[in-house]
2 protein chains.
Amino acid sequence: MHDDLRPLCERFLTAAELLGRRWTGIILRILLDGPCRFGELTERIGGISERVLSERLKELEAEGVIERHVDPGPPIRSEYRLTEKGQAFWKVFHELGQWAEQWADVKPAPKPDVKPAAKPASRDAKSARAAPRKRKTA
Amino acid sequence: MHDDLRPLCERFLTAAELLGRRWTGIILRILLDGPCRFGELTERIGGISERVLSERLKELEAEGVIERHVDPGPPIRSEYRLTEKGQAFWKVFHELGQWAEQWADVKPAPKPDVKPAAKPASRDAKSARAAPRKRKTA
DNA sequence: CAAGTAACTTCCTAAAAGTAAGTAGATGCC
DNA sequence: GGCATCTACTTACTTTTAGGAAGTTACTTG
């Protein structure tokens, strides 16, 4: 099908877990546009709590993906920026952006046979799931 | 810096949220290797609970990224496979794999001035964080 | 010196994820 | 025929993680 992405190895799992934590993707995406301060990140992300932002930033720093710089110019500000390791995510986000442009949120697929009106209840949700083996064998 | 990924738009957020849920990345990555049944997924993912796997699969199905097929050949099995929308994630995972190969889990960066032995405590953790503005002005 | 700001942290509640056991249909074994 | 087994989930309950709001520290400004 597409044969150059086989290794479901530990490294990949690490990467997937990193991106699999809520907000990390958006944080990295914003930092790819350039360094950003705490408050600025809070605003630009929109919806994240300061508690969690602080947590995520510390995690990302511990993982060596971002760095924290304190600029002591009298107004004193701290800012977060990507390390080389973080910058290397660029391509991932580029491809994710491409995917998003083509597929995100628009109608499920070019050949939808289910009506794309209501997203949930893709199969009764309640009834047909626990007992899907309806076949009475004949 | 790299200028073709500006739109931090809604579509991108959708995509980031999709990948930002725990396990979705790994699930999609496995399905990129081909269709898979429930139990098989449980095993190959390793560590996910059936409750959450079931939940994730339903979410992904509702988002049109995967499809569920029930094969009623007497041993009866259901299998999950990517839709076209899901297949389109291939490039994202390819890049993520590349990143992982080069950066994941190996030493933080080519220029570490902090000893790379212990990951946590990147700055005392407790003491220096709440009061980072140490400058006595003069 | 009171008020304001930036960057966090602490506390307390709400929403996910983990654990384990249960359900439902179809066999297989004796 | 009855019981154990398998697959694919669901339900009930606990733990972890996220959210909301207010507090803290070091300054700056009026």
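Near residue B:66, the amide H atoms lying under 5 Å from its own belong to B:61, B:83; only residues 5 or more places off or on other chains count, and H is placed 1.01 Å from N. Kirkwood radius and radius of gyration were both taken over the C-alpha atoms of the stretch A:8-65, and their ratio Rg/Rh is 0.99. Surface composition of the stretch A:10-111: carbon plus sulfur atoms hold 47% of the accessible area, using a 1.4 angstrom probe and ignoring ligands, DNA and RNA. Our Cα-only numbers for the stretch A:10-111 put the radius of gyration and Dmax at 15.2, 60 Å. Take the Cβ atoms of residue A:55 and residue B:77, set R0 to 41 Å, and the FRET efficiency comes out at 0.50. Annotation: amide H-H contacts under 5 Å for residue B:37 (H modelled 1.01 Å from N, sequence separation of 5 or more, or interchain): B:80. When the accessible areas of A alone and B alone are added and the area of the pair subtracted, with a 1.4 Å probe, the result is around 6500 Å², both sides summed.
The values are calculated or read from the model by the stated rules, or taken from the named source; none is laboratory data. Only a predicted model underlies this, so the values are computations on that prediction, with no experimental measurement involved. FYI the Cβ positions are ideal-geometry reconstructions off the backbone, even for glycines, and counts take in every protein chain you see. Protein only, heavy atoms only, side chains kept; ligands, DNA and RNA dropped before computing areas. Shrake-Rupley method; radii C 1.70, N 1.55, O 1.52, S 1.80 Å.
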